[in-house]
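The values are calculated or read from the model by the stated rules, or taken from the named source; none is laboratory data. Computed from a predicted structure; not experimentally measured. Cβ atoms come from the backbone with ideal geometry, glycine included; neighbour counts cover every protein chain shown. Only protein heavy atoms, including side chains, enter the accessible area calculation; ligands, DNA and RNA are left aside. Shrake-Rupley method; radii C 1.70, N 1.55, O 1.52, S 1.80 Å.
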Amino acid sequence: MKKMILPTLLAGLIASASVMAAVPASLKEKGEITAAIVPNYPPMDFKDTSTNTLTGLDVDLGNALAERLGVKVTWQETAFEQMVSGLVTKRFDIILSGMTDTAERQKSVTFIDYFTSGPQLYTLTKNTELNQPEDLCGKKVGTSRRTTWPAEIAAWSKENCEAKGKPAIVVSGSEGSADARAQLRQGRLDAAMQGSETLPYLMSQEKDTYKPLGVAISKQFTGLGVSKSDPELAKAIAEAMQSMVDDGTYGKILKKWDLEHGAVSKIEMNQGK
């Protein structure tokens with residue numbers, strides 16, 4: 001048994017030393033990494049209501065990542081719209097807040113992709129006439145206007161409703177996913193769109209309230225964002241994240257949040273389209 005444990009331990013130490021060596025000198029000197037977060041997207045990012053502390057998948061990953069890099073993490077809450085600009089102006093070192101890696105965002109941000117999910121249509125369980133995405137043709141569907149999802153719903157509608165002679169989905173942009181859910185419960189929407197990673201959590205918190213319609217309409221990568229002007233940091237983080245995948249740390253964190261379905265086996269950059 002000892003003969004098996006020692007090589008594994010040695011490999012872990014070598015990997016940690018390699019990650020530490022790749023950390024930029026400026027970050028080592030500062031001793032901390034500042035991470036932008038918007039804690040309103042459970043189970044990715046939210047606040048524990050009993051303690052008012054940050055929690056979620058991204059928080060656990062960020063804390064483990066900082067330890068791997070040999071620095072402490074300082075979480076900075078901000079508005080979603082300010083995350084990319086704050087990264088560019090160096091208010092933050094990284095974005096770690098369930099952000100989708102897209103080609104447009106890659107113009108300013110290097111994404112280290114660590115999770116996969118997709119936009120999921122859903123409605124209220126009491127809407128018994130709605131059971132599949134096609135039932136939404138001609139219906140009103142809401143989703144956060146700050147995401148790519150309004151355009152994705154419109155594209156899906158064009159292919160699956162209008163091309164088949166059915167009325168188009170009426171897309172309604174909301175202030176965020178929580179706002180869309182509120183409008184759905186109020187009867188102002190027929191359905192809404194939510195990330196496939198968050199819907200099971202919501203269904204567990206509000207039992208017998210929501211039901212998914214089909215499966216996610218596309219695949220998306222969630223990425224940790226680093227400024228394009230800081231490739232050295234991006235490389236160090238990618239290596240650290242890969243070491244977390246390899247030694248099982250990453251898998252344990254995903255399992256804690258019942259998000260193993262979105263796991264990646266290899267950490268890569270800028271896979272979003």
Near pairs, Cβ below 6 angstrom, 6+ apart or cross-chain, from the range 156-177 (under 30 Å from residue 44 (Cα atoms)) to any residue that is surrounded by fewer than 18 Cβ atoms within 10 Å (Cβ to Cβ):
157/168; 170/140; 171/154; 172/140; 173/145
Here are the criteria: (1) of a type in the set (Gly, Ala, Ser); (2) within 23 Å of residue 264 (Cβ to Cβ); (3) surrounded by fewer than 17 Cβ atoms within 10 Å (Cβ to Cβ). Tell me which single one residue 223 does not satisfy.
(3)
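Among residues belonging to the range 31-77 that are part of a loop (DSSP other than H, G, I, E, B) and over 16 Å from the mean Cα position of the chain (by Cα), point out the one that is surrounded by the most Cβ atoms within 10 Å (Cβ to Cβ). Walk me through it before giving the result.
Step one: of the range 31-77, the residues part of a loop (DSSP other than H, G, I, E, B) are 31, 38-40, 42-44, 49-52, 56, 70-71.
If we keep only those that are over 16 Å from the mean Cα position of the chain (by Cα) too, we end up with 31, 49-52, 70-71.
Numbers: 31: 9, 49: 8, 50: 6, 51: 8, 52: 7, 70: 14, 71: 19.
Within the range 31-77, the match that is surrounded by the most Cβ atoms within 10 Å (Cβ to Cβ) is 71.
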Does the range 149-159 include one or more residues that are over 30 Å from residue 79 (Cα atoms) and surrounded by fewer than 19 Cβ atoms within 10 Å (Cβ to Cβ)?
yes
From the option list 144, 97, single residue qualifying as among the small types (Gly, Ala, Ser), modelled with pLDDT of 95 or more and in contact with a strand residue (DSSP E or B) (Cβ under 9 Å, 6 or more places away or on another chain) is 97
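Restricting to the range 113-138, name every residue that is open to solvent by less than 70 Å² (accessible area, probe 1.4 Å), over 28 Å from residue 268 (Cα atoms) and in a loop (DSSP other than H, G, I, E, B).
125, 127, 130, 137, 138, listed by residue number.
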In the list 88, 141, 171, which residue meets the criterion of being open to solvent by 40 Å² or more (accessible area, probe 1.4 Å), among the hydrophobic types (A, V, I, L, M, F, W, C) and more than 30 Å from residue 266 (Cβ to Cβ)?
171
Examine the range 249-268 for a residue that is under 16 Å from residue 101 (Cβ atoms), acidic (Asp, Glu) and surrounded by fewer than 21 Cβ atoms within 10 Å (Cβ to Cβ), and state whether such a residue exists.
yes
What's the number of the condition residue 207 fails, among (1) open to solvent by 20 Å² or more (accessible area, probe 1.4 Å); (2) part of a strand (DSSP E or B)?
(2)
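Okay, residues lined up against (1) touching a strand residue (DSSP E or B) at 6+ places or on another chain (Cβ under 7 Å); (2) touching a residue at least 40 places away in the same chain (Cβ under 8 Å):
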{"position": "192", "(1), (2)": "yes, yes"}
{"position": "197", "(1), (2)": "yes, yes"}
{"position": "200", "(1), (2)": "no, yes"}
{"position": "208", "(1), (2)": "no, yes"}
{"position": "212", "(1), (2)": "yes, yes"}
{"position": "246", "(1), (2)": "no, yes"}
{"position": "260", "(1), (2)": "no, no"}
Which of the numbered conditions does residue 240 fail, given that it passes all the others? Conditions: (1) over 15 Å from the mean Cα position of the chain (by Cα); (2) modelled with pLDDT under 95; (3) closer than 30 Å to residue 91 by Cα.
(2)
Every residue in the range 262-273 that is in contact (Cβ under 8 Å) with a residue 24 or more places away in the chain and of a type in the set (Gly, Ala, Ser), please.
262, 263, 272
Taking the range 233-252, which residues are within 13 Å of residue 269 (Cβ to Cβ) and among the aliphatic types (A, V, I, L, M)?
233, 234, 236, 237, 238, 241
